[in-house]
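Presented below is the structure to which this report refers.
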Amino acid sequence: MAPRNTEQRTRDVRQKLRDEVDLWVASASGEGDAYLVPLSFYWDGARLILATPANSRTARNLRRAGEARFALGPTRDVVILEGPVTFIPRDVIDDALATAHAQKTGFNPRQIAEEYVYIQVIPQMIQAWREADELSGRFVMRDGRWLVGDGENGDATDATAAIPAGQSA
């Protein structure tokens, strides 16, 4: 299979973000102990929304670090995302956003007895590759900006552009 150009990779990444439900969340303790967990997510076109128990190891690690790294897809068609994390208590999250997350992921953290927290991530870096021949052009987003148009926006855009007015970025 021939290497994809950046435009095709960008389209493929956006498709995965729309269609996939789960991704891997990497974090580490203050002592450097690595931790990896799969979480379900919702993508609204600009940010990832995840939910996890408020006192989970993942929540504690991400709160301490302030940023996260995620992996989406199989190893031969991987997407790596990085960005700062913002914690949103479930009692203050925008209802439409929480409902969209529940519909996409198949579970509603607002209906679980255990205290959950939503985690918002606005990607600042995204890489995508299949094989070694795609490593040299693996970046599709840097500094929160898509590097090329993808047919949806027509040009390179700021990742936060799709966040509705009045909602936290």
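Using 0.36 nm per residue and subtracting the Cα-Cα separation, the extra length available between Ile112 and Ala132 on full extension is 2.9 nm. In order along the range 60-67, phi translates into HN-Hα couplings of 4, 5, 5, 4, 5, 6, x, 8 Hz, rounded to whole numbers, per the Karplus curve 6.51 cos²θ - 1.76 cosθ + 1.60 with θ = phi - 60° and x for Gly and Pro. The calculated Kirkwood hydrodynamic radius for the range 6-152 is 15.8 Å, given to one decimal from all distinct C-alpha pairs. Qualifying GluC sites (Glu not before Pro) in the range 6-113, where qualification requires a DSSP coil assignment and no more than 15 other C-beta atoms within 10 Å, comprise Glu20, Glu31. Evaluating 6.51 cos²θ - 1.76 cosθ + 1.60 at θ = phi - 60° for every residue in the range 113-124, the Karplus couplings come out as 4, 5, 6, 10, 10, 8, 10, 9, 10, 9, x, 10 Hz, glycine and proline recorded as x. With each run of n ≥ 4 DSSP H residues scored as -39500 (n - 2.57), what mean residue ellipticity at 222 nm is computed for the chain after dividing by its residue count and rounding to the nearest 500 deg cm²/dmol? Helix contribution divided over all residues of the chain: -6000 deg cm²/dmol.
For the range 115-150, the residues whose backbone nitrogen is under 13 Å from a point 7 Å from the Cα of Arg63, taken along Cα to Cβ, are 115-119.
The numbers here are math on the coordinates, done by the rules we state, and not lab data. Just so you know, these numbers come straight off a predicted model, no measurement behind them. As a convention, Cβ positions derive from the backbone with ideal geometry for all residues, glycine included, and neighbour counts pool all protein chains shown.
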